[in-house]
1. Does any residue of the stretch 78-88 turn out to be farther than 19 Å from Glu108 by Cβ and under 12 Å from the mean Cα position of the chain (by Cα)?
2. If you check every pair at least six apart or on different chains, which have Cβ atoms under 9 Å apart with a residue in the stretch 67-95 that is open to solvent by 40 Å² or more (accessible area, probe 1.4 Å) first and a residue that is at pLDDT 95 or above and polar (S, T, N, Q) second?
3. For the stretch 32-46, give me the residue count where each residue is touching a residue at least 24 places away in the same chain (Cβ under 8 Å) and surrounded by 13 or more Cβ atoms within 10 Å (Cβ to Cβ).
4. Report yes if Val49 is without any contact (Cβ under 8 Å) to a residue 40 or more places away in the chain, β-branched (Val, Ile, Thr), more than 23 Å from Asp98 (Cα to Cα) and open to solvent by less than 60 Å² (accessible area, probe 1.4 Å), otherwise no.
5. Here is a check on your reading of the model: is Ser107 more than 21 Å from Ser3 (Cα to Cα) and modelled with pLDDT under 95?
6. If Ser107 satisfies every condition in (1) more than 16 Å from Ile21 (Cα to Cα); (2) in contact with a strand residue (DSSP E or B) (Cβ under 6 Å, 6 or more places away or on another chain); (3) hydroxyl-bearing (Ser, Thr, Tyr) but one, which is the exception?
Amino acid sequence: MSSSPINVVVAGGTGDLGKLISKTLLSPVCRPNQINRVVVLSRDDSSPVAQELKTLGAEIHTGPVKADTLKGIDVVINAWGFTVPGDIKNALVKAAVDAGVKVYFPSEFGV
């Protein structure tokens, strides 16, 4: 039984850990059979890392995260570090719930 490729958001996808996660999701190992879209949440879409991820096929999103941002997303991976304020992390969780995201990996899992 085969499943459809999924859409993934990586919050903090241009940071130290997030960059590694994003590159893995964008690699031929995952795409196009397992991963359809990779959306990276970043503070700066003009950074060298953001530009590199964009050339690999990532969509770069800057600005506040709303439910519309996560519409059609299956998995959110929060790779934000501990310096990101709790209210911003909470807004991501709320947007994920409101958008119907199926799986959410919180940043507390090793970031």
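The values are calculated or read from the model by the stated rules, or taken from the named source; none is laboratory data. The model shown is predicted, which means the values in this text are computed figures rather than measured ones. In this analysis, Cβ positions are derived from the backbone assuming ideal geometry, glycine residues included, and neighbour counts consider all displayed protein chains. Areas reflect the complete protein model, heavy atoms only, side chains present, ligands, DNA and RNA absent. Shrake-Rupley method; radii C 1.70, N 1.55, O 1.52, S 1.80 Å.
1. Step one: filter the stretch 78-88 for residues farther than 19 Å from Glu108 by Cβ, giving none.
The answer is no, given that none of the residues of the stretch 78-88 is farther than 19 Å from Glu108 by Cβ and under 12 Å from the mean Cα position of the chain (by Cα).
2. These pairs meet every condition: Gly72/Asn7; Val93/Asn78.
3. 9
4. yes
5. Yes, satisfied.
6. (1)
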